[in-house]
There are 2 protein chains.
Amino acid sequence: MKHAMLWSLVATLCLVALHAEPQDSTASMPRYAGQNLMRPENYREWIFLSSGLGMNYNPSAGGQELFTNVFVPEWSYRQFLASGKWPDKSIFVVEERGSQSNGSINKTGHFQTELVGMGVEVKDEGRFPEKWAYFKFGADTKTAGANPKAACWQCHNDHAAVEHTFVQFYPTLKEVAKKFGTYRAAAENVSPFK
Amino acid sequence: MKHAMLWSLVATLCLVALHAEPQDSTASMPRYAGQNLMRPENYREWIFLSSGLGMNYNPSAGGQELFTNVFVPEWSYRQFLASGKWPDKSIFVVEERGSQSNGSINKTGHFQTELVGMGVEVKDEGRFPEKWAYFKFGADTKTAGANPKAACWQCHNDHAAVEHTFVQFYPTLKEVAKKFGTYRAAAENVSPFK
């Protein structure tokens, strides 16, 4: 009888272990070195939201057109799927990569090349009075301070479809947010610089 | 003493459970309905390899430029990181999405829109004499038969940098394959249609 109970405990504990939060749930929360955010690691193994090429809100933007790949940790993504909202400690990485047209068998269009840098958006309500903060990392930057409010925060606040996030550009999440009533459709029709 | 041994067993089993293969390792292997491949599910939660816009090996390609997002299951990706090779039962999904330029705050460049379809590549040595097979799914297709060998297989065989996969277009995996000596650098310089 005692053995039966112990075996039942073994089975239960193993089931709990198998269904535990993914191991990265704390590793993929923001970490700081003093005032600075530490560079997110392993974001290439997070959930991919979408990518763009040469996206810009300035119609006369010039210079090199970069690919931008957006990633969010799986634990945060799962909570968004279940609620249409981003939990505290969510991180968004917008990875910037170069673009090449002619290479190997590819003769037209664009494929991705070297890492150029990344933008990082963090929701950390206990740390930032404005809840969300924005950081810029070069290809090798290890830590970065928050950008001034005018640089990113204001535009995200005014024009993002879900809280501070541009879900209008993430086609698979758009439907989720609409279902939960957290999608601000008006954000699709802004012309902020006209 | 008996109790100590049982507790040690509990601890061991739980450690095993925590470090077990991710739960999707069988769910993200190819499944068939008769001769047809069933549409891969949940691939948006797999590992993202890269994306392109309007990639084509025909220099005079016309028509709508599509985004292509490439995903591979995490279990397969982990084995590639550890060996530079793709394990049997690997699946690659190349998701095709529309592209839009003017929308919300975006005024130039391109962002992704609706699902158009997907190409799927499967390594299944027990099922296909040529080991790799290729399938085409529309936005709603549930199952698909393998394409004729001339349609995809031959080009992948001749010009892919690692086995049948175009790792020359996946910047983060390229370095892994080079480290393990599985990268065919000559694949970067082909001009198949000249």
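Some values worked out for this structure:
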{"read-out": "12 Å beta-carbon shell around A:Ala33, net charge (K/R +1, D/E -1)", "value": "+3"}
{"read-out": "Average beta carbon contacts from partner chains per residue of B:168-174, 10 Å cutoff", "value": "4"}
{"read-out": "Efficiency of FRET between A:Asn157 and A:Asn58 - r from beta-carbon atoms, R0 25 angstrom, step 0.05", "value": "0.85"}
{"read-out": "R0 of 25 Å, Cβ-Cβ distance B:Ala139-B:Gln100: FRET efficiency to nearest 0.05", "value": "0.90"}
{"read-out": "Gap separating the Cα centres of the range B:24-47 and the range B:87-118, nearest whole Å", "value": "20 Å"}
{"read-out": "Inter-chain Cβ neighbour average for residues B:129-142, partner chain, 10 Å", "value": "0"}
{"read-out": "Square roots of 5 times each gyration tensor eigenvalue, C-alpha, the range A:25-189, largest first, Å", "value": "25, 20, 16"}
{"read-out": "Average partner coverage of A:153-164, which counts Cβ from other chains inside 10 Å", "value": "1"}
{"read-out": "Position B:Gly63, label points 7 Å along Cα→Cβ, spacing to each other copy in nm (shortest first, one decimal)", "value": "3.5"}
{"read-out": "Estimated FRET transfer efficiency (B:Ala150, A:Glu41; beta-carbon r; R0 35 Å; 0.05)", "value": "0.20"}
{"read-out": "Residue-count net charge about A:Asp124 - beta-carbon cut-off 11 Å; Lys, Arg +1, Asp, Glu -1", "value": "+1"}
{"read-out": "Spin-label pair B:Ser25/A:Thr172, simplified geometry with 7 Å Cα→Cβ offset, distance in nm", "value": "2.2 nm"}
{"read-out": "Charge sum, other residues only, whose C-beta stays under 12 Å from A:Leu81's C-beta, Lys/Arg counted +1 and Asp/Glu -1", "value": "+1"}
{"read-out": "Protection-proxy order for peptides B:40-46, A:136-142, each taking the mean of Cβ atoms within 10 Å per residue, highest first", "value": "B:40-46, A:136-142"}
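Any read-out appearing in this document is the output of simple, stated calculations on the displayed coordinates, not a laboratory observation. It should be emphasised that the depicted structure is a prediction, and the values quoted were computed from it without experimental measurement. Cβ coordinates were reconstructed from backbone atoms using ideal geometry, including for glycine residues, and neighbour counts include every protein chain displayed.
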